[in-house]
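Okay, structure first, notes after.
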Amino acid sequence: MPDGYTAQHLHWQVEHDRDDILWVHCDRANETTNSLSAAVLRELSDIIQYAESTQLQGMVIMSAKTNGFIAGADIREFENYQTAEEVTDVILQGHEMLSRLERLSCHTVAAVHGFCLGGGLELAMACNYIVALNNDSTRIGLPEVNLGIFPGLGGTVRLTERVGGMKGMQLMLTGRMLRAGAAKGMGVVDELVSESGSLRWAARRAVVKKRKKRELSKAAALTNTAPARKALASTMRKQTAAKVSPEHYPAPFALIDLWETHRGDRKAMFRAEAEGVGQLMVGSTSKNLRRIFHMTERMKGLGKAEDFKVRRVHVIGAGVMGGDIAAWCVVQGMEVTLQDRELKYIEPALKRAKKLFKKRLKTKAAVGAASSRLIADVAGDGVPRADVIIEAIFEDRDAKRALFESIEPRMRDDAVLATNTSAIPLEELSTVLANPSRLIGLHFFNPVAKMKLVEVVHGDNTDAAFVDKGSAFCTQINRFPLPTRSSPGFLVNRVLAPYLMEALTMLMEGKDKETLDAAAVQFGMPMGPIELADVVGLDVCIKVAETLGDGDVAAQRELLEGMIAKKHLGKKSGRGFYEWSKGKPIKKPVPTGNAYNDVLAKRLIKPFLDECKACSAEGVVADDELLDAGIIFGTGFAPFHGGPMNYLNTLAQSANQSQGNT
């Protein structure tokens with residue numbers, strides 16, 4: 001073995017073997033996941049310098065961690081930069097380092113598994129060849145747009161060179177994470193191996209045989225030419241504008257401009273990438289989206305009951321919510337028994353679940369296995385075996401209490417008993433229990449498969465151990481737990497109720513429903529309040545209004561009661577305030593982007609914000625950061641604002657600055 005490499009590194013393990021292959025394993029110290037911090041990149045630069053000065057057959061970059069390659073840049077360090085120029089300078093240094101890797105005379109291979117995202121993929125693309133482990137845990141992509149920026153370590157250049165302009169731009173604009181097979185099919189990676197033990201051997205073979213990425217097809221290469229860029233960029237802008245506003249989310253539009261303007265000049269594109277990311281990173285949208293990222297990391301850490309591993313779940317109530325909760329738990333690998341009064345009430349839930357399994361699990365074998373884990377259980381035989389029992393019947397106090405009284409004697413002492421009530425305080429439901437401290441709320445949101453938040457509701461007397469177990473369960477089913485104090489409406493519905501009631505008031509005053517919805521969307525909400533009422537269900541809206549009962553809502557209740565009497569329940573019945581077709585409301589077009597909509601939006605959003613302030617003052621959740629997270633993930637409140645409390649603070653700071661300047 002050569003005397004070779006003797007430097008010691010904190011974040012990399014380096015081996016120069018007897019075949020003159022340099023094996024470089026990323027293993028960031030004191031972190032469970034690899035990310036590219038400034039220190040990690042400095043050490044990598046030293047390793048590249050060694051490779052530049054040594055006669056090598058090849059260099060292989062891998063990960064020493066079992067959970068993945070490199071998950072991207074260290075987002076925490078983004079907060080260290082105050083100006084766009086600082087960010088650009090740091091990015092240009094990264095560009096130079098990866099260009100040195102790209103120019104090495106020896107053959108370079110990236111061997112990836114698990115998460116290979118953002119800067120991790122950009123590092124891999126600077127190599128001659130990429131081998132990836134083909135299993136369920138491998139995820140490959142450039143998701144920077146979700147942080148209000150676009151790829152900054154040469155990703156915009158190298159991805160569009162690897163796969164063509166159209167495919168590369170689609171991947172960056174959506175921020176999608178690809179499974180290994182899809183990444184191979186697109187050309188992002190070059191080779192797949194089925195066993196983790198084969199990854200090193202495949203990398204060695206790629207070095208010895210000097211394997212390189214496949215040549216870009218003529219059709220894909222054509223999408224990078226100037227005429228094609230002009231036409232495709234126009235289409236991309238229209239498609240992106242249909243989803244987000246350039247004012248609210250500038251990054252995807254800046255990425256399209258970058259590609260259209262500079263793809264013909266590699267050097268200029270690198271420079272423009274660095275400058276563009278610098279400008280975006282110090283902007284308010286990126287700052288607020290990074291704030292949300294940190295919130296999600298915090299919520300993931302709330303499931304601390306590491307010894308509580310959920311294998312079996314029992315759901316009572318096979319309606320839309322109960323059936324969908326059951327199906328989602330099955331998708332996450334759990335066995336679920338689903339109970340209702342008769343089999344005929346369970347069968348529709350089983351059919352819906354099968355559709356979800358086919359959409360999420362893809363293969364026939366996986367769908368079949370999932371279907372076998374969802375068990376119709378009219379008799380409730382699953383109760384004694386379940387780790388978690390979730391009640392999801394209709395919103396009636398007496399019915400819920402009677403159910404709890406009947407099942408508690410059959411439950412294990414350590415099992416979680418949870419209610420999916422959307423507004424009823426736990427104190428009103430737990431009175432019939434021998435051990436009322438065990439009852440928690442697990443308030444899911446509709447649609448269950450899309451809404452990431454679950455309110456983990458607790459009262460003053462709730463045993464903290466069961467709150468931890470409830471949070472751990474949420475983490476295990478890939479949901480964000482939000483510990484929430486028991487009070488009418490909890491957090492999300494309490495905030496939504498006055499917002500929806502104000503919208504109904506304005507509707508009754510003669511305001512046009514489409515215009516009201518357009519005003520809310522113009523503010524940044526994912527949908528307007530009238531459409532939201534239809535999605536939630538008008539029968540649910542009236543129950544929430546009855547439970548909260550603050551203020552005079554008699555007129556709104558009368559409006560809702562009249563529609564419910566006609567069986568116009570909203571989306572689920574095909575008609576509410578809107579008629580629904582193929583899952584979408586039929587709307588007439590209305591003008592957008594005008595000052596009138598801004599006025600309507602301010603009136604609509606005021607009771608929403610006022611209720612957020614009240615919840616903050618009452619300590620419904622632990623602090624304003626978690627309140628913001630709950631409202632963003634529970635209501636879709638404009639993420640680019642960073643949450644309602646952050647938005648209010650920003651308004652207050654702007655007002656103070658204005659006063660200081662006068």
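Would you mind checking the pairs Lys355/Lys584; Lys351/Lys400; Lys450/Lys602 and listing those with alpha carbons more than 30 angstrom apart?
From the list (Lys355/Lys584; Lys351/Lys400; Lys450/Lys602), the Cα-Cα distance tops 30 Å for no pair.
Multiply the residue separation of Lys238 and Lys218 by 0.36 nm, subtract the distance between their alpha-carbon atoms, and state the gained length in nm to one decimal.
Contour length minus Cα-Cα distance gives 4.6 nm.
Rounded to the nearest 500, what is the 222 nm mean residue ellipticity of the chain from helices alone, with -39500 (n - 2.57) per DSSP H run of 4+ residues and division by all residues?
Taken over the chain, the calculation gives -15500 deg cm²/dmol.
Once label points are set 7 Å from the Cα along Cα→Cβ at both Thr296 and Lys362, what is their separation, rounded to one decimal in nm?
2.0
Is there a pair in Lys243/Lys362; Lys167/Lys513; Lys344/Lys566; Lys167/Lys267; Lys344/Lys364 whose C-alpha atoms are over 30 Å apart, and which pairs would that be?
From the list (Lys243/Lys362; Lys167/Lys513; Lys344/Lys566; Lys167/Lys267; Lys344/Lys364), the Cα-Cα distance tops 30 Å for Lys167/Lys513.
Arrange the following residues from fewest to most other Cβ atoms within 10 Å of their Cβ: Glu428, Glu342.
Neighbour counts put them in this order, fewest first: Glu342, Glu428.
Restricting things to alpha carbons, find the Rg to Rh ratio for region 312-488 using the Kirkwood radius for Rh.
0.95
Quick check: residue separation of Glu96 and Ala622 times 0.36 nm, minus the Cα distance between them. What number comes out in nm?
Answer, rounded to one decimal: 184.9 nm.
Which length gain, in nm to one decimal place, applies between Thr431 and Arg176 when the Cα-Cα distance is subtracted from 0.36 nm times their residue separation?
Between Thr431 and Arg176, full extension yields an extra 87.1 nm.
Under unit Cβ charges (Lys, Arg +1; Asp, Glu -1), what dipole magnitude, rounded to 20 debye, does the chain have relative to its Cα centre?
About 3140 debye.
Given R₀ = 56 Å, FRET efficiency for Arg401-Gln55 by Cβ-Cβ distance, to 0.05?
Working from the Cβ atoms, E equals 0.10.
Between Thr83 and Arg352, what's the calculated FRET efficiency when r is the beta-carbon distance and R0 is 51 Å? Round to 0.05.
That gives a FRET efficiency of 0.50.
Hey, can you rank 485-492, 111-118, 281-288 by average C-beta count inside 10 Å, highest first?
In descending order of packing, they fall as 111-118, 485-492, 281-288.
Starting from a Cα-only point model with no solvent, please compute log10 I(q)/I(0) by Debye for the chain at q = 0.05 1/Å.
Log-scaled intensity ratios, in q order: -0.27.
Under the Karplus relation 6.51 cos²θ - 1.76 cosθ + 1.60, θ = phi - 60°, what is the ordered set of whole-Hz ³J(HN,Hα) values for region 49-62, x standing for Gly and Pro?
3J(HN,Hα) across region 49-62, in whole Hz: 4, 4, 5, 5, 9, 10, 7, 10, 7, x, 9, 10, 9, 9.
Rounded to the nearest 0.05, what FRET efficiency do Lys587 and Asp136 have when you use their Cβ-Cβ distance and R0 = 51 Å?
Once the sixth-power term is evaluated, E becomes 0.80.
What is the distance, in nm, between label points placed 7 Å from the Cα along the Cα-to-Cβ direction at Lys450 and at Ala652?
For Lys450 paired with Ala652, the spin-label model returns 3.4 nm.
Every number here is computed from the coordinates shown, using simple stated rules; none is lab data. These numbers were taken from a predicted model, which means no experiment stands behind them. Heads up, the Cβs are rebuilt from the backbone with ideal geometry, glycines too, and the neighbour counts pull from every protein chain shown.
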